[in-house]
Each structure stands twice: as C-alpha cells, then as structure tokens.
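K.L.:
Take a look at the following structure, please.
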Amino acid sequence: MLIIRQENKNDYEEVYNVIKTAFETAEHSDGNEQDLVVALRKSDNFIPELSLVAVIDNKIVGYILFTKIKIGKQEELALAPLGVLPEYQKQGIGRTLIQEGNKKAKELGYHYSVVLGSDKYYPKFGYVSAKEYGIVAPFDVPDENFMAIKLNDTDIEIKGIVQYAKEFGIL
C-alpha cells in the first residue's frame, strides 16, 4: 500500500539515495538534485510540510519537494525535485506525490506552484505554461517546459520573474 507522508530527519539518507537513483536515468538532469535537497533543507525557503515521501512496505520509493519562491512581491512555490525509483515509475506514485503536495500547499495558503519539467508529464496534473499567468522564468527555457498551476480560486494575480532560493544557483 502506498503511503504519502511528511519527510523526517530519519529519512534523509534514504531520500538522498532515492533522488540520486531516480535522476541517474533522467533525460534532463545535472546530477546534483540530491545535493540541492540537502542545501534547501537548510534554507529559509524550506517548508517541512511540503517535503513529502512516498512509502511502500516501509521503503521510500519517491520524493517531492516544494520550496518558497518570489514572483514579484508574492511568495509562492517551486516544485523541485520530484523523483521516483525507476522500478516504481509509471505506477502513479509521482501523480500521487504531486496531488498531495498541491493539496497541502493549498491548505498552507499558497496560490501558485511553478515547475521546470516535461511538457508531456506535468500538464496531466493541471500545469500550464507559466506565461499564461504572467510568470516568467529567470533563465532561458522553452515556454512549454516552464509551467505553473493555480492551486486555488484566488483572485490574486501575479506577474513577474521568479526568484528562486539561492541554493538553486540561479542568479
């Protein structure tokens, strides 16, 4: 049975290995996603409630992290990374992590989440080109790969360039 729960300190080593393994075969990866998570946990932009693990039979098989970003003056979220062990992919674990993460983010009062990722994958969960909301990436990327989702029916409109946590290494 799949359980989605908040990560705790006892999970750190296992999560590190899950992320590293998940991204070894990824089409787009810099190979440092696991180190980014370690750095983000120490950041002011880290939100423990949005650091989630997927567990099957007491084994962590997937992980998702949302961290604080700024879009203009508005504090919102970035989804990065999402990783599932290769042998557990294509079973709905990533979908469940995204859905639970978005639900929790909405409960915490966030309005938008952005993601840099596959235009074949994330639109299945409601992500659209971020430019539709007036959200601009701080780097050169095809519009279809920089996406956002509106998490609730807020009237808050945001426009501007995303400012990621410094741990992302984006100036």
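The values are calculated or read from the model by the stated rules, or taken from the named source; none is laboratory data. Predicted, not measured: the structure shown is a model, and the values here were computed from it. Every residue, glycine as well, gets a Cβ built from its backbone with ideal geometry; the counts of neighbours run over all protein chains shown.
Let's see how each residue does on (1) surrounded by 14 or more Cβ atoms within 10 Å (Cβ to Cβ); (2) without any contact (Cβ under 8 Å) to a residue 40 or more places away in the chain:
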site: Lys124; (1), (2): no, yes
site: Val128; (1), (2): yes, yes
site: Ala148; (1), (2): yes, yes
site: Leu151; (1), (2): yes, no
site: Ile158; (1), (2): yes, no
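K.L.:
Taking Gly134 as the residue in question, decide whether it is touching a residue at least 12 places away in the same chain (Cβ under 8 Å) and either under 18 Å from Ile4 (Cβ atoms) or among the small types (Gly, Ala, Ser) (or both).
P.N.:
Details: touching a residue at least 12 places away in the same chain (Cβ under 8 Å): yes; either under 18 Å from Ile4 (Cβ atoms) or among the small types (Gly, Ala, Ser) (or both): yes.
Yes; evaluated as a whole, the condition is true for this residue.
K.L.:
Residues being surrounded by fewer than 16 Cβ atoms within 10 Å (Cβ to Cβ) and either polar (S, T, N, Q) or modelled with pLDDT under 95 (or both): count how many of those fall in segment 98-108.
P.N.:
Total satisfying the criteria: 1.
K.L.:
Looking at segment 80-103, which of its residues are under 23 Å from Glu167 (Cα atoms) and of a type outside the set (Val, Ile, Thr)?
P.N.:
Ala80, Pro81, Leu82, Gly83, Leu97, Gly101, Asn102
K.L.:
Now for a different question. Does Ser118 qualify as being among the polar types (S, T, N, Q), under 21 Å from Glu33 (Cβ atoms) and in contact with a strand residue (DSSP E or B) (Cβ under 6 Å, 6 or more places away or on another chain)?
P.N.:
No.
K.L.:
Can you tell me how many residues within segment 102-139 are within 17 Å of Asp153 (Cα to Cα) and either assigned to a helix (DSSP H, G or I) or touching a helix residue (DSSP H, G or I) at 6+ places or on another chain (Cβ under 7 Å) (or both)?
P.N.:
Total meeting the criteria: 13.
K.L.:
When residues of segment 18-47 are filtered for being in a loop (DSSP other than H, G, I, E, B), within 12 Å of Pro81 (Cβ to Cβ) and polar (S, T, N, Q), how many remain?
P.N.:
2
K.L.:
Something else about it: Is at least one residue of segment 123-134 among the β-branched types (Val, Ile, Thr) and at pLDDT below 95? Give the steps one after another, and end with the answer.
P.N.:
Of segment 123-134, the ones among the β-branched types (Val, Ile, Thr) are 128.
From what's left, at pLDDT below 95: none.
No; the residues of segment 123-134 include none that is among the β-branched types (Val, Ile, Thr) and at pLDDT below 95.
K.L.:
Mind listing just one residue for me: the one in segment 15-45 that is touching a Lys or Arg at 6+ places or on another chain (Cβ under 8 Å) and crowded, with 16+ Cβ neighbours inside 10 Å and, of those, nearest to Leu116 (Cα to Cα)?
P.N.:
That would be Glu33.
K.L.:
Another one. Suppose the filter is in contact with a helix residue (DSSP H, G or I) (Cβ under 9 Å, 6 or more places away or on another chain), outside any loop (DSSP other than H, G, I, E, B), closer than 21 Å to Tyr122 by Cβ and in contact (Cβ under 8 Å) with a residue 60 or more places away in the chain; does Ala78 pass it? Step through it out loud before you land on a result.
P.N.:
Details: in contact with a helix residue (DSSP H, G or I) (Cβ under 9 Å, 6 or more places away or on another chain): yes; outside any loop (DSSP other than H, G, I, E, B): yes; closer than 21 Å to Tyr122 by Cβ: yes; in contact (Cβ under 8 Å) with a residue 60 or more places away in the chain: yes.
Yes, satisfied.
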